[in-house]
Amino acid sequence: MEGASAIAGIAKRNFEKLRLDNVSLMQGNFEETLPSLLLSVKNTDFVFIDGNHRREPTLAYFNQLVSFSTNSTISILDDIHWSKEMEEACNQVKQHPAVTLTIDLFFIGIVCINTNIKTRQHFVIRF
């Protein structure tokens, strides 16, 4: 999914150049494209969220994705220290009951979901 048509065009050309036939591209705002995408895929195993870099939209995307997660879903949140709002969103994601592991790599955050595990671990990697 890509919101910017110019970037979606670049992605499409790259997919064609690399002859990737197992990739689908949806162009449009996340608010419009995410719900229909989730209904078509049923479950998510790996998700990279690099959309609207504000607290509420980020939390809305994550909460929608959790409903389609498995017990081994990994989500990547991009630009987690972009702004105070993004940091607040990430801190709230950490508190979600399904989240069992987070790793803060400064530019991105890795979020692991497993509703079968009750312990939580949160790491910050400084390098």
Counting only residues that are touching a residue at least 24 places away in the same chain (Cβ under 8 Å) and either surrounded by fewer than 14 Cβ atoms within 10 Å (Cβ to Cβ) or touching a strand residue (DSSP E or B) at 6+ places or on another chain (Cβ under 7 Å) (or both), give me the helices (runs of 4 or more DSSP H) lying completely in the range 3-100 with at least 1 of them. 30-41, 55-66, 84-94
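Results for (1) of a type in the set (A, V, I, L, M); (2) under 17 Å from residue 1 (Cβ atoms); (3) under 16 Å from the mean Cα position of the chain (by Cα), shown as yes or no for each residue.
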site: 34; (1), (2), (3): yes, yes, yes
site: 57; (1), (2), (3): no, yes, yes
site: 77; (1), (2), (3): yes, yes, yes
site: 108; (1), (2), (3): yes, no, yes
site: 125; (1), (2), (3): yes, no, no
Please tell me if residue 125 is surrounded by 15 or more Cβ atoms within 10 Å (Cβ to Cβ), β-branched (Val, Ile, Thr) and outside the structural domain of residue 6 (by TED's automatic domain parsing). no
Take residue 32 and decide whether it is within 29 Å of residue 94 (Cβ to Cβ), modelled with pLDDT under 90 and charged (D, E, K, R). yes
Would you be able to tell me the number of residues in the range 45-66 that are at pLDDT below 90 and among the polar types (S, T, N, Q)? 1
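The values are calculated or read from the model by the stated rules, or taken from the named source; none is laboratory data. In this text, all values refer to a predicted model and were calculated from it rather than measured experimentally. Here Cβ is always computed from backbone atoms with ideal geometry, including for glycine, and neighbour counts include all displayed protein chains.
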